[in-house]
Structures are given as C-alpha cells and as structure tokens.
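**Q** Below is the structure I would like to discuss, written out as structure tokens.
Nothing in this text is a laboratory measurement; each read-out follows from the coordinates by a stated rule. In this text, all values refer to a predicted model and were calculated from it rather than measured experimentally. FYI the Cβ positions are ideal-geometry reconstructions off the backbone, even for glycines, and counts take in every protein chain you see.
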Amino acid sequence: MIALLAVLGSKLLMKQASIWVAWILLVAIVVISIVFDIIGIAATAATEKPHHAKAANRVFGAKQAIYLVRNADSVANFANDIVGDVAGTLSGAMGASILLELISFYPSLGNQEILLNTLLLAFIASITVTGKALGKSFAINEADEIMSKVGIMIASFERVTGHSFTDKKKKGGKKCGDSRKN
C-alpha cells in the first residue's frame with residue numbers, strides 16, 4: 001500500500017516536474033534508501049550500554065537511542081525492508097519515467113528504448129547496491145554513534161510534534177484481579 005501511494009505520488013509529481021527535478025528526486029530516493037539501510041544495520045549492531053550512560057547524564061536523545069537499540073528487530077525491519085523496498089520500487093519507477101520523458105524529448109532514442117531502460121535501471125541498482133555495501137561497514141563500525149544521532153533526530157521530532165514515539169509509559173497496578181489496596 002505504501003509502495004502504491006509512493007509510486008502514484010511520484011508519477012504525479014514527475015508529470016509536473018522538469019527532467020532535472022526528476023533526476024534530483026531520483027538521487028534523493030536512492031540516498032534515503034542507503035541512509036535507512038545504514039540505520040537498520042546500526043540498530044542491530046549497537047549496544048545499549050553507552051546510551052544508558054548518556055541517559056543517566058540526561059543527554060538529549062539518549063532515551064530514544066535506547067529504545068531503538070532495544071527494538072532493533074523492528075527498527076531494522078522498518079528501515080531495511082519497508083523503506084528499502086519502497087525506495088527500490090520508487091527508484092525503478094522514477095527511472096522508467098525519466099526514460100520515457102527523455103524519449104518524448106528525443107524521439108530518435110525510441111529505437112534503443114529497451115537498451116536504455118536496461119542500462120538506466122542497472123545504473124540505479126548499482127548505485128544503490130554500492131551505497132548500501134559501503135554503508136554496511138560504516139554502520140557496523142559506528143553503530144552507537146549512528147544510534148545517538150538518530151536518537152537526537154527522533155527526540156527533536158518528538159519535541160516539535162509533542163508526540164512521543166519511543167516513550168511507552170507503563171501503567172502500574174495489576175492487569176487483572178483485585179486492586180493493590182485491600
């Protein structure tokens with residue numbers, strides 16, 4: 001569903017945008033895909049201990065970083081699988097749209113449409129895969145620092161919106177049975 005909405009949105013945007021704007025959007029989608037892959041890998045490689053030390057000193061974003069590390073499986077699933085898959089689908093669709101736009105400007109390219117489409121999609125895939133491959137070693141080596149930065153970004157977003165995504169308040173008392181006061 002998210003992929004469908006993203007592709008439809010990009011198609012509508014591509015109809016209104018120039019070819020240069022389309023290339024910039026394509027690069028942005030590929031960069032987003034790589035960044036989220038780094039975040040997902042870092043979440044699985046990070047440890048809680050340095051973030052607890054920061055939280056004890058009330059460092060901004062430390063509680064959010066702890067939440068991310070504790071929920072590394074969900075973070076990695078969202079960042080790597082959901083965002084990664086949507087970005088991959090979107091970049092392929094945008095590449096095809098850019099090629100169709102180029103062919104409409106230069107009709108003589110229509111004779112090589114299959115070759116150009118294959119080359120463009122291979123180029124997009126190679127940039128994405130290379131970026132993610134380079135990002136993986138960075139994410140593993142700098143996992144705790146990356147989680148600190150992401151924690152700060154989430155804490156800032158939570159402060160601006162007034163909504164906490166990471167602070168799941170636990171309510172005291174028994175879930176069932178008699179109350180504590182007898």
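**Q** Order of 110-116, 40-46 by packing, highest average Cβ count within 10 Å first?
**A** Descending packing order for the listed peptides: 40-46, 110-116.
**Q** Within 10 Å, count the other beta carbons around each residue, average over each peptide in 25-33, 156-164, and list them highest first.
**A** Numbers: 25-33: 18.9, 156-164: 11.3.
Descending mean neighbour count gives 25-33, 156-164.
**Q** Another question, then. Roughly how many nanometres apart are two label points built 7 Å out from the Cα toward the Cβ at Trp20 and Phe165?
**A** With each label placed 7 Å out from Cα toward Cβ, I get 3.3 nm.
**Q** So how much slack lies between Ser126 and Ile82, counting 0.36 nm per residue of separation and subtracting their Cα-Cα distance, in nm? Let's see the in-between values first.
**A** On the way: separation 44, 0.36 × 44 = 15.84 nm, distance 1.98 nm.
Once the chain is fully extended between Ser126 and Ile82, it gains 13.9 nm.
**Q** Projected area of region 15-103, taken from the Cα convex hull and averaged over every viewing direction, in nm²? Write out the running numbers ahead of the final one.
**A** Working: hull surface 27.3 nm².
Mean orientational projected area (region 15-103, Cα hull): 6.8 nm².
**Q** Modelling each spin label as a point 7 Å along the Cα-to-Cβ direction, I'd like the Ile32/Phe138 distance in nm, to one decimal.
**A** Modelled inter-label distance: 1.8 nm.
**Q** Then there is this: What distance in nm lies between label points placed 7 Å from Cα along the C-beta direction at Ala96 and Met153?
**A** 2.9
**Q** Would you mind putting 139-146, 87-94 in packing order, based on average other-beta-carbon counts within 10 Å, highest first? Before the final figure, lay out each step's value.
**A** On the way: 139-146: 17.9, 87-94: 20.8.
Packing order, densest peptide first, comes out as 87-94, 139-146.
**Q** Can I ask one more? Taking only the alpha carbons of region 2-161, what extent do you get along each of the three principal axes, in Å, biggest first?
**A** Computed over region 2-161, the largest-to-smallest principal extents equal 65, 33, 22 Å.
**Q** Next question, about the same structure. If each residue of separation counts as 0.36 nm, what is the full-extension length gain between Asn117 and Phe60 once their alpha-carbon separation is subtracted? Intermediate values should be presented prior to the final figure.
**A** Details: separation 57, 0.36 × 57 = 20.52 nm, distance 4.68 nm.
Extra length available between Asn117 and Phe60 comes to 15.8 nm.
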